[in-house]
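Rule-based calculations on the coordinates, nothing more; no lab input. Being a predicted model, the structure only gives us computed values, none of them experimental. Here the Cβ is made from the backbone with ideal geometry for all residues, glycine too, and neighbour counts use every protein chain on show.
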Amino acid sequence: MTFKVALSFEDGVTRFINCGPTETVADASYKARINIPLDCRDGACGTCKSLCESGTFDGGDYIDDALTDDEADAGYCLPCQMVPQSDLVVQIPTTSDVAKTAAAAHPATVTSVERLAEGAFALTVELDDRAALAFLPGQYVNIAVPGTDQTRSYSFSTGADANHLSFLIKYAAGGAMSEYLAQHCAVGDRLELTGPMGSFFLRESERPLLLLAGGTGLAPVLSILETLAAAGTSGRPIHLIYGTSLDTDVVYTDLLDEYTTRMPGMTWDLVVSDPDTVHPNSGYVTGLITPEHLHDGTADIYLCGPPPMVEAVRGHLDAEGLQVTHFYYEKFTPATTPATTETAATESPTEMADTATASPEATATETTETNTVAEPEPAAVEGGDVVVVPDEGESSPAATVPPAASTAAASRTSHVARPAGVTTLISRRPGDPLAAIEARPDGYTAPAPGLFPAATTAEPPAGIAARPDGYVTPAPGLFPAASGAPAEPPAAIGARPDGYTPPPVTLPPGATTTTPTPFSETVTSGPGVVSGEIHPAISHSDAQFDARMALELGAVELTMGKLDRAQLDEFRMLAESANQYVDGDRFLDPAQFTAANAQFHEFLFRCTGNDALLQAYRMLEVTQVMNSVLPDARWVSEDIVPEHLEIVEAFESADRDAARYLIRRHTAHAKATMRTAMDRQVVGAAS
Ligand code: FES
């Protein structure tokens, strides 16, 4: 038995290899003449370290220097050691050019060409060797336009297992592919496909799905839906919002209805931006997105459409405060100067690369192709089908060069903004002490539940030990200043010269006043196409937990020693309620834990009787961030559970210092749990 392994390169090229049941991915790659990064081939150097996005495998033997447990837990692997136990998708941290491979060419024959609507064609082909072209649902190929020197990029609209492969192609008058389809294409025509390409593909997951398609950007969504339907979903919530500019652009409504029958959890809406539409919804895709579609931040979003639509959706989610867990998008950039045979032959790959990075405004004035589908205003595009993946007018630079040259250009123009999780992998093993824990006071021993040590016997926590020498805790209500003679002004203030004006605050070099984005984004761009992934950012998560800690420390001051027996019992009950969803360092039910944990942490704020503080706590996004990040998490700091009880014990023994220390420590463990989960999800590992 062999398994299919998709090697996904940084430039969007994907190569599939067959891997035997005892064969390593590295050996199978070598046999396929694909040079993935290798050095020792022995699990010692870490040179081959890659990310497995889906599938199961035996990781083989290796040393910790090559791959830490945290990295392995986050989905990283060593291809020189890993042996597949299922089909795999592996992100290789280099370009296809460096790996001395390229997207393969696949000859095909046209079996059908149909004008589905005024603005869209369906093209179906049969490959000479269907088995030679494997792809992931959502990916695309480049198709050479017969009789020209141009190629166009089109997403598959059929599932990955279909015998005949179809494409949904927007008609743009004057476009090379459009005119070929409208005037010349006939059954039996020969075509050449090159690919597969793209990092916009369906990830393994059981999370709810929100699919957004603009115009013929419906194509990759259809491929995703067909794959899901063929695999069978048991009520997985799936909602599609399909937007077009005009009624005459609407296609495949019967097919979409059919998918709702095949997948009971699926629903879909159509929206047409033309105000005169005969359909119920007039407007844009964003107008139909509701919080319910996000399922409390646990839904995955897949969006394929023109750049303005992608940005409009992102802006809408942000403006509405809608939480996003995994947001995958693909947009095609406007066309560049169409190459003639001569220019294609004489332009260097570097020149092509430069062209590929030119701004839309610049390129729009250079090309008649682009003029046929001038970039619309965002308001007109949102939800429209003016520029989408299989869009003739959205021809990419790849469309202006022969397949081989386009591949070379792709490898030179692509870049991947690696997420923090890739370059700054945490080196701590799950369960190992955290840096913050090193601040435990010497001799501190976590008490057994119900036996929290009295403050008089425990060493003061490090932060508390920083009190000034001679400081004596004042009796409540008797701050030591009223000793008779007026107090001397503090030295620092007294030393100010008359007329002193504080200098303006200057930021240290490199500091920025920019508010950290709550999301991290990974972008892969090739000629004419930009794919991206957006996930919650670690910095945003940390900020939420730090803010919670600051408020909790304030709540301690207002509640310590004031909780009665019934309140203490309720506090303990809430701690135990949250703890039941964790077993050691494993989540049993992250979603239930998140809900119960929120109740536990809110309790103190309710006890303060201070509504302003309670509202400040409720304004935090701790729960939303946890809902976004934890549904797929397995690891949780093993200190979380005992700390819940220890905090309760601190209140039972009216030990303010212990409570403050535990809340700070608990925050560090909570942040570590989130970081581990986000390291895993940021890179897209959904298994
Ligand atoms: Fe050295 Fe894989 S090549 S660990």
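Report, to one decimal in Å, the Kirkwood hydrodynamic radius for region 590-687 based on all distinct Cα pairs.
14.6
Please identify the chymotrypsin sites (Phe, Trp or Tyr not before Pro) of region 120-192 that satisfy two criteria: DSSP loop assignment and at most 12 other Cβ atoms within 10 Å. Which are they?
none
Can you put Met560, Met266 in order of Cβ neighbours within 10 angstrom, beginning with the fewest?
Met560, Met266
Name the long-range amide H neighbours of Ser153: under 5 Å, sequence gap of 5 or more, or other chain; modelled H, no Pro or chain starts.
Here the answer is Ile143, Ser396, since their amide H atoms fall under 5 Å of that of Ser153.
Give, as a single signed number, the net charge of other residues whose beta carbon lies under 14 Å from the beta carbon of Ile224, with Lys and Arg counted +1 and Asp and Glu -1.
With Lys, Arg at +1 and Asp, Glu at -1, the net is -1.
Counting other C-beta atoms within 10 Å, which of Cys80, Cys607 has the fewest, and how do the rest follow?
Cys607, Cys80
Fully extended, how many nm does the chain gain between Asp189 and Ser86 (0.36 nm per residue separation, minus their Cα-Cα distance)?
33.4 nm
What is the set of long-range amide H partners of Leu116 at a cut-off below 5 Å, with H atoms built 1.01 Å from backbone N?
Phe121, Ala122
Output ³J(HN,Hα) for region 250-267: one whole-Hz value per residue in order, computed from phi by the Karplus curve 6.51 cos²θ - 1.76 cosθ + 1.60 with θ = phi - 60°, and x for Gly and Pro.
Each residue of region 250-267 in turn: 6, 9, 6, 5, 5, 5, 5, 4, 4, 5, 5, 6, 6, 10, x, x, 9, 9 Hz.
Under the rule of at least 5 residues apart or a separate chain, name every residue whose amide H is placed under 5 Å from the amide H of Leu240.
Here Leu211, Thr267, Trp268, Asp269 satisfy the definition.
Restricted to Cα positions, what overall size does region 553-611 have along the principal axes? Three whole-Å values, descending.
Extents along the principal axes: 34, 22, 15 Å.
Modelled label-to-label distance, Thr248 and Thr111, 7 Å Cα→beta-carbon offset: nm?
Placing both labels 7 Å beyond Cα along the Cβ direction yields 3.1 nm.
Under the Karplus relation 6.51 cos²θ - 1.76 cosθ + 1.60, θ = phi - 60°, what is the ordered set of whole-Hz ³J(HN,Hα) values for region 75-92, x standing for Gly and Pro?
Once rounded to whole Hz, the list reads x, 7, 8, 10, x, 6, 10, 6, 10, x, 10, 7, 4, 10, 10, 10, 7, 9.
When the distances between all Cα atoms of region 1-73 are binned every 5 Å from zero, what whole-number percent does each bin get?
3, 14, 26, 27, 21, 9, 1
Return the whole-Å distance between the Cα centroid of region 32-95 and the Cα centroid of region 145-197.
Measuring centre to centre over Cα atoms gives 36 Å.
Translational diffusion coefficient of region 30-182 at 4 °C, 1.567 mPa s, Stokes-Einstein with Kirkwood Rh over Cα pairs, in µm²/s as a whole number.
Translational diffusion coefficient: 71 µm²/s.
Using θ = phi - 60° and the Karplus curve 6.51 cos²θ - 1.76 cosθ + 1.60, what whole-Hz ³J(HN,Hα) does each residue of region 18-23 get, with Gly and Pro shown as x?
9, 10, x, x, 10, 9
Just check region 580-630 against the gyration tensor rule for me: Cα atoms, a ≥ b ≥ c as the square roots of the eigenvalues, rounded for a/c under 1.5, and otherwise prolate or oblate depending on whether a/b exceeds b/c.
Verdict is oblate for region 580-630.
Pop a pseudo-label 7 angstrom from the Cα along the beta-carbon direction at both Glu557 and Asn35 and give the gap in nm to one decimal.
6.4
Based only on other Cβ atoms within 10 Å, what is the fewest-to-most ordering of Ser166, Ser157?
With the fewest neighbours first, Ser166, Ser157 line up as Ser166, Ser157.
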